[in-house]
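Read through the structure below, which is laid out as structure tokens, and then see the notes.
The values are calculated or read from the model by the stated rules, or taken from the named source; none is laboratory data. Every value quoted in this text rests on a predicted model; they were computed, and no experiment measured them. Reconstructed Cβ throughout: ideal geometry from the backbone, glycine too, with neighbour counts over all protein chains shown.
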Amino acid sequence: MIPSLAVNQIISFSTRWPRTVVVISLLIAALAAVGVTRLKNEEDLLVFLPTNDPDVQLFQDVSRRFGSLRVAIVGVEAPAGDDVFSPASLDKISRATQAIKNVRGVDLMLSLTSVSDIVSGPMGAEFNALVPTIPTDDAGRRALRDKVLSREFAVGNFVSRDGRGALILAFLADPGSMKQQPGELRVEDQIRAAAERELAGMTIYYGGAPFAAQAIYKETQADVRHLSPVAMLVLLLVVILAFRDPVGVALTVGAVAFAVLVVLGGMGWWGEKFTVASSTLPVILFASGSSYAVHVLGRYYLLRAEKSPAEAILESLRIVGPPLAIAAATTAVGFYSFVTTDVRPMRSFGIQCGSGVMLCWLTSLTLVPAVVSLFPRKAHHEVKLELLGNVLVAMWHWAQRHRRLLFVGALALGALTVGPMLRVRVRMEPRAFFRQGSEPWLAERFLDQHFGGATFAQIWLTGDFDDPSSLRELARFCDFARSLPSVSQVQSVLTPLVLATNGMDGTTAIPWTRAQAANVMTFLEGQPGIRQLITPERHDVLVQIRMHGEATTALAALEAFAKSGLHREPRPPTVEDIADRLSWVARAYGHEVAPHELLRTLKPLAPPGLLDEEWTRRRAAIVDEYLKSEEAPQLSDAARAQIGKLAVDAPDGSPALAAALQKAAPEDGAQAYRFLVTRLSEARRHLAVDRAVPLLLRAAGLPTDGPDAAFVRAHVAVLADDLFLHIAPSEKATMPMTARVAGEPVLDRGFSRSVGDNQVRSLIVTIVCVLGLMLALFRSLRLALLSMWASLLTMALIFGVMGLMQVPIDLGTSLVAGIATGAGSDFAMHYLWYLRRQRADEVSRSVGPVMAVSIFLVSLGFWVLALGKSPVMHLFGTLAGLSMFLSALLTCLLVPAVLNKVEP
Amino acid sequence: MKIAVALVGILLFAPSARADSGADVLAKVDTAMNNFTDGEFESKLFIREPGGAAREIDFTTYQKVPDKRLVRFSAPGDLKGMGVLVENKDVMYVFLPGFQKVRRVGTHVKAQTFMGSDFSYEDMSLSRYSPTYDAKLVKEDANSWELELTVKPGQEIEYPRVHMWVEKKSQQPTKIDFMDQSGKVLKTAEYLDYHLDGASHYGPSKVIVTDHRRNDHKSEIQFVSTKLNQGLKDDFFTQRTLIRGH
């Protein structure tokens, strides 16, 4: 029936050589203790990402390519009634920026006081600090505030729109590439120390994945530190009440403690890291593994009334051994089923817990018999459990009298849960791990309130981003993204590119030749933050999309556009393209206008003609300015006058102009011709854009005053420039463009999918294995199914209620099904096992209370986890404990309802 | 009387027996570094990305002591024709061939890294230390001096403290640690293989800069050829020269 030979041999050895068993156990414990000192912590929560999910792999690819994953965010809020532009606040932010920049492990820093501003002036491109000096008076402060809040790249990224909040972004180096020096604090802790030191007096928030992971880890660790003693205390109290014998109590607690020590020591020797999940191991083993010693000792104390110590322990093991073996196996199977998940730390956790449970069982066969052989205990009856026994007898008879009701009721209940169960969602969002009021929760709220959201989607585009048409296709995608609901900000390399182009050329435009794009990009390459937006080869670009609220609709739209809306072979924009983009810009500002309506305004627009007065004035000034500049060749006054007239009369260039320049400056003439004609062409385009912008703003219903007016105007100017721009046919993309949507919402989706799949896999494996074990035990399909019915119905009820109450499944709750199916079948299995040998009343009175106490222990042990602050732990503990309790209750009702007679 | 003679003797001879002070050594360094009138330096800059191949940028620097520099890039293709003109420590121009314009660039950019390397624009233009730093001699042996530099009051510079090892033979730095105010080393520059590249000027074959804040990211400049005292005139260092040939 059961492979009992090995078990019998173990039992025999333990009782015949108890001292040897104790010594061996002590040696193993000592070895394990050494192993524990070798344990290393794994604080990075990203190791819990499933490795095979394509969305997760994409997220990791993006991080590897752009280094955008590990961004520690320090948020600051000015005191009430103040803003971040006060001298004191700016000074603090500046000093904090510098201090954090110098932390080893910080690759890059971006903040209000470190970021550059590119301004085009009469002297040329001024690359200055956005905050060059800290203002000393109110006028300076107001001027700085107005300037900063007029910079689209700054608002929403480094300063809030209301000026009360600021962000310091620290991009961290890959931890795998850095060797932490002895005694050196973790990067996150050093950043925190620097922030606390320099930003004293301001409200500080710590956001971003590195701080969130650290906070979750610390909170979970704190939970476990507080809860493990509570779990042990609970176990102690119950066992003391049950046995009232110090050796018995010590053995029960010690058996579990031994198993915990050996598992942790084994992890240390094996090189397995100690994760957030494995930190719950002690509590889970106290809950799941304590019952085996309780069963053995409980039977032993009873038998001691009639038998000698040696006979009592042997008989006790003979009676309880087989069902305990199956109980341990089914519980362990529930944990071992985690090996089917695609999350490596969870696979390890499953093996750790399963092995811990088996060790607890093994200890009940070895160390427990050995110790009571060495120190025989007196008999005592479990007096207080008589009442419980009577209740169980009453329940048995009531259930037998109402069998039809219970049977039909159970079937109906099961059927009713199907619909709600199917509605249960899996939701794996990092914020699900944040306790309300915790540090990451506060940071999220700060970002939501002041910066338009804390969720970032990303678009990873590949293409030729020196090509001007590809850059415009990128702009098209960005405009589309901005128009979507729940999108509050879109950031790409286009912003610094346009700024730098403006600085170099005085034009608010995207570069219109490959040479310009390449030149500007190499110049920008030294700027902080660029590497996170575009790779040095300029074949990969990352667009960051900030979202607030529910992101599903916007995500679907982005994916649809990436799939079928993107022009894979970029081409110069048409007037229809510009109409589409303008329509999207309008939608982003809450105004719907159809592209065909905008075409009525766009199509007639044209650059100024030769007789246009303003254009005539401008070109004369440009020609004069150029010919007098240091860039121009040295010319005589006569030559300068002649060339000037020729240039003004033919701004598009002429053979006469070229000849005159060549004659006047043989060495530099050809170059000067190109320079002059280019300047005139660009100036004409600028004038056309200046005239078009107000018309387009009016046609699209866009704001012309207010806080967004400057941003909108600049944006529309970029669009308008494309109307008058001629991109040469020779400017062609060298590769097609593709786009993929990544970022947090996609990661959450992949993670959720993985959790859901893992749960199904784990549950299937558990059900199959437990059914197999029950079949091996009972050699009866009917009894095997009956032993599982209560636990399966319990699962259906729990998940049905979750579906009704819209409580989503997360990583923790996805494990409840497997654990509860395995452990929850134990009660029924024990019941049926003893019913084969004794009458129902006898079983209810003798074995029933012990089983009830052990179920109570298990449930209580899991409920201890529900006392934790971590939301995940809270829900997991609650559901796991509830499932144990419900399984036992349903067993007491369903087994008698179904069973007439049990064959031995 | 004898005491007076002894005192006079000490006063007369003491200067020659007196060890160099930090300021003296630093002045020697500045002199040695700029011990030419003008020069043309052909160089290759290698920027080593973590886990990736090194990027190579070829450029030629024309320099006229003390402050004028003109840098012209020749490779790779997207940099070809670009140029930077430094007229003095406060005035810098850049020429981008794609725009066919020369633009003046503001001072803030000088502290930023140069094209993703570990050199800043300030590094590329710094030719003297004495105007910016006070120096203290901390150690001396037969072959080298070791100096501690601290920034002079009123000066704004990224590295307020510097530790410099100077080779006596060339009187130029072999290693420089750039530090923050607390003394934490932020960046290290190593100058390797000094050799005579002029009548009395020593130049390194290689300079390697390691940025410890960026996970020890490295950049390296190799000096391919050096021509000193060619008689470059001031009017060479103009915007016209910057754009000539494009």
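Miscellaneous remarks
Residues are listed down the side, and each one gets a yes or a no for (1) crowded, with 18+ Cβ neighbours inside 10 Å; (2) over 36 Å from the mean Cα position of the chain (by Cα); (3) among the aromatic types (Phe, Trp, Tyr):
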site: A:Val493; (1), (2), (3): yes, no, no
site: A:Gly503; (1), (2), (3): yes, yes, no
site: A:Pro511; (1), (2), (3): yes, yes, no
site: A:Gly529; (1), (2), (3): yes, no, no
site: A:Lys563; (1), (2), (3): no, no, no
site: A:Val575; (1), (2), (3): no, yes, no
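- The listed residues are A:Leu416, A:Leu461, and the only one of them that is in contact with a helix residue (DSSP H, G or I) (Cβ under 8 Å, 6 or more places away or on another chain) and surrounded by fewer than 19 Cβ atoms within 10 Å (Cβ to Cβ) turns out to be A:Leu416.
- A:Val357 being surrounded by 24 or more Cβ atoms within 10 Å (Cβ to Cβ), in contact with a helix residue (DSSP H, G or I) (Cβ under 7 Å, 6 or more places away or on another chain) and outside any helix (DSSP H, G or I): no
- Count - residues of segment A:487-502 that are facing chain B (nearest Cβ under 9 Å) and either within 17 Å of A:Leu555 (Cα to Cα) or part of a loop (DSSP other than H, G, I, E, B) (or both): 0
- Test result for A:Ala554, aliphatic (A, V, I, L, M) and under 29 Å from the mean Cα position of the chain (by Cα): yes
- Every condition in (1) at the interface with chain B (Cβ under 8 Å from one of its Cβ atoms); (2) touching a Lys or Arg at 6+ places or on another chain (Cβ under 9 Å) holds for A:Leu484 except the one numbered (1).
- In this structure, A:Ala310 does not satisfy being part of a helix (DSSP H, G or I), of a type outside the set (Val, Ile, Thr), surrounded by 24 or more Cβ atoms within 10 Å (Cβ to Cβ) and in contact with a Ser or Thr (Cβ under 9 Å, 6 or more places away or on another chain).
- The residues listed here are A:Val238, A:Val343, A:Val262, A:Val276; of these, the one that is β-branched (Val, Ile, Thr) and closer than 20 Å to A:Met358 by Cβ is A:Val262.
- Taken over segment A:629-652, the criterion of being within 14 Å of chain B (Cβ to nearest Cβ) and among the acidic types (Asp, Glu) is satisfied by A:Glu630, A:Glu631.
- Test for A:Val253: is it under 27 Å from A:Val816 (Cβ atoms), over 30 Å from the mean Cα position of the chain (by Cα) and β-branched (Val, Ile, Thr): yes
- Condition check for B:Ile157: modelled with pLDDT under 90 and β-branched (Val, Ile, Thr): yes
- Residue check for A:Pro666: surrounded by fewer than 21 Cβ atoms within 10 Å (Cβ to Cβ), within 12 Å of chain B (Cβ to nearest Cβ), at negative phi and outside any helix (DSSP H, G or I): no
- Test for A:Arg749: is it within 14 Å of chain B (Cβ to nearest Cβ) and of a type outside the set (Ser, Thr, Tyr): no
- Reported count of residues in segment A:722-763, each being of a type in the set (A, V, I, L, M, F, W, C), in contact (Cβ under 8 Å) with a residue 60 or more places away in the chain and assigned to a helix (DSSP H, G or I), is 7.
- Scoring B:Lys139 on the criteria (1) basic (Lys, Arg); (2) in a strand (DSSP E or B); (3) modelled with pLDDT under 85 leaves a single failure, condition (3).
- In segment B:51-80, the residues that are surrounded by fewer than 20 Cβ atoms within 10 Å (Cβ to Cβ), within 13 Å of another protein chain (Cβ to nearest Cβ) and not in a strand (DSSP E or B): B:Gly51, B:Gly52, B:Ala53, B:Pro76, B:Gly77, B:Asp78, B:Lys80
- Some residue of segment A:528-547 being in contact with a strand residue (DSSP E or B) (Cβ under 8 Å, 6 or more places away or on another chain), closer than 19 Å to A:Phe158 by Cα and facing chain B (nearest Cβ under 10 Å): yes
- Among residues of segment B:187-222 being part of a strand (DSSP E or B), out of contact with any helix residue (DSSP H, G or I) (no Cβ under 9 Å at 6 or more places or on another chain) and among the hydrophobic types (A, V, I, L, M, F, W, C), the one that is surrounded by the fewest Cβ atoms within 10 Å (Cβ to Cβ) is B:Leu196.
- Residue in segment A:59-68 that is aliphatic (A, V, I, L, M) and more than 30 Å from A:Ser364 (Cα to Cα) present: yes
- Checking each residue in segment A:760-799 for being surrounded by 22 or more Cβ atoms within 10 Å (Cβ to Cβ) and not aliphatic (A, V, I, L, M) picks out A:Ser762, A:Thr766, A:Phe778, A:Ser787, A:Ser791, A:Thr794, A:Phe799.
- A:Pro655 being out of contact with any Gly (no Cβ under 7 Å at 6 or more places or on another chain) and either surrounded by 19 or more Cβ atoms within 10 Å (Cβ to Cβ) or within 14 Å of chain B (Cβ to nearest Cβ) (or both): no
- Residues located in segment A:381-413, provided they are at pLDDT below 85 and surrounded by fewer than 13 Cβ atoms within 10 Å (Cβ to Cβ): A:His381, A:Val383, A:Lys384, A:Glu386, A:Leu387
- Residue match in segment A:503-525 (condition: within 12 Å of chain B (Cβ to nearest Cβ), under 26 Å from A:Ala72 (Cα atoms) and part of a loop (DSSP other than H, G, I, E, B)): yes
- For segment B:213-230, the tally of residues that are within 21 Å of the chain's Cα centre (by Cα) and on the phi > 0 side of the Ramachandran plot stands at 2.
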